[in-house]
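K.L.:
Shown below is the structure under consideration.
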Amino acid sequence: MQFTYDINCGASSLEISEDTYKYLIKARRHKIDDEIYFRNLNDDLIYLYKLISISRRSAIFSLVSSEKKILENENDLHLGWCLVDPKTVEKYLASLNELGVRKITFILCEYSQKNFKLNIEKLEKILTNSSSQCGRSSIIKLEVCDSLEKFLKENEDTYFLDFSTTLIDDKKSDIKTLVIGCEGGFSNDERFTFKKDNIVGFNSSLILRSETAIISASSKILI
């Protein structure tokens, strides 16, 4: 762990309990006078705290110092991910966070199953744990959009990952917003809205799953 997340860190005194207590005190076996880094992921600061007391269900830390420390990917990427099974999102979200994706908008597209519902609170917890592990000073911003048409109105210079002779490698420096289809890809009506020059693909004739495509595309653009 590069730091421990606590929304209240920044105060002169910090009390931990429940899951954080179990992890730091029971699992990691931290002792009095141990110093531990915390972030609240709302500012750019990392906080150093000293453990000063331990009880049966909670522990108290005292603030030692704070430092502005921004750790982000230098490249910027906003993904439009046409909605897939939430279990798939949960499985691959941490990897996208580690790659440095800035924002994901989940789009309800024509081939998205209408019964899919995302638990944003659960996804943000996954992201928080991911940033704690990789050291990132923020988490991916998550949004939901009810149609591709609406998304394109709000994000005009959007690229689309689809079958194309224009390779994503050749356009990666230009791509700031990229839409990935769900299982089954895009409908003909949706393809009609694409700007021809903004369609990119991979150097492969194989059909990729949505999660494979989004990890591969993000990797090519960001690292």
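The values are calculated or read from the model by the stated rules, or taken from the named source; none is laboratory data. Predicted, not measured: the structure shown is a model, and the values here were computed from it. Cβ atoms come from the backbone with ideal geometry, glycine included; neighbour counts cover every protein chain shown. These accessible areas exclude ligands, DNA and RNA; they are computed on the full protein's heavy atoms, side chains included. Shrake-Rupley method; radii C 1.70, N 1.55, O 1.52, S 1.80 Å.
The rows are residues; the columns are (1) open to solvent by 20 Å² or more (accessible area, probe 1.4 Å); (2) part of a helix (DSSP H, G or I).
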residue: Leu123; (1), (2): no, yes
residue: Ile126; (1), (2): yes, yes
residue: Ser131; (1), (2): no, yes
residue: Val144; (1), (2): yes, no
residue: Lys150; (1), (2): yes, yes
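K.L.:
For the subset of segment 1-23 comprising residues that are of a type in the set (Phe, Trp, Tyr) and part of a helix (DSSP H, G or I), which member is farthest from the chain's Cα centre (by Cα)?
P.N.:
So the residue we want is Tyr21.
K.L.:
Mind checking whether some residue in segment 139-162 is of a type outside the set (A, V, I, L, M) and within 30 Å of Tyr47 (Cβ to Cβ)?
P.N.:
Yes, segment 139-162 contains at least one residue that is of a type outside the set (A, V, I, L, M) and within 30 Å of Tyr47 (Cβ to Cβ).
K.L.:
Quickly run through segment 24-46 and pick out the residues that are closer than 19 Å to Ser131 by Cα and either within 22 Å of the chain's Cα centre (by Cα) or hydrophobic (A, V, I, L, M, F, W, C) (or both).
P.N.:
Scanning segment 24-46 gives Leu24, Ile36, Tyr37, Phe38, Arg39, Asn40, Leu41, Asn42, Asp43, Asp44, Leu45, Ile46.
K.L.:
Quickly run through segment 176-200 and pick out the residues that are more than 23 Å from the chain's Cα centre (by Cα) and either open to solvent by less than 10 Å² (accessible area, probe 1.4 Å) or more than 12 Å from Leu148 (Cα to Cα) (or both).
P.N.:
Across segment 176-200, the qualifying residues are Gly184, Phe186, Ser187, Asn188, Lys195, Lys196, Asp197, Asn198, Ile199.
K.L.:
Now for a different question. List every residue pair whose Cβ atoms lie under 7 Å apart, where the two residues are 6 or more positions apart in sequence or sit on different chains, the first residue falls within segment 187-214 and is free of Cβ contacts under 8 Å to residues at least 60 places away in the same chain, and the second residue, located anywhere, is among the basic types (Lys, Arg) and open to solvent by 90 Å² or more (accessible area, probe 1.4 Å).
P.N.:
Nothing qualifies.
K.L.:
Here's a follow-up. Cβ-Cβ below 9 Å, separation at least six or inter-chain, first residue in segment 48-76 and over 19 Å from Glu15 (Cβ atoms), second surrounded by 16 or more Cβ atoms within 10 Å (Cβ to Cβ) and modelled with pLDDT under 95: which pairs?
P.N.:
Note: pairs meeting the criteria are Asn75/Lys172.
K.L.:
Right, another one. Quick one: which strands (runs of 3 or more DSSP E) lie wholly within segment 24-89 and hold at least 3 residues that are of a type in the set (S, T, N, Q) and surrounded by fewer than 18 Cβ atoms within 10 Å (Cβ to Cβ)?
P.N.:
Fully inside segment 24-89 and qualifying: 58-68.
K.L.:
Here are some conditions: (1) surrounded by 13 or more Cβ atoms within 10 Å (Cβ to Cβ); (2) over 12 Å from the mean Cα position of the chain (by Cα); (3) not in a strand (DSSP E or B). Phe160 meets all but one. Which one does it not meet?
P.N.:
(3)
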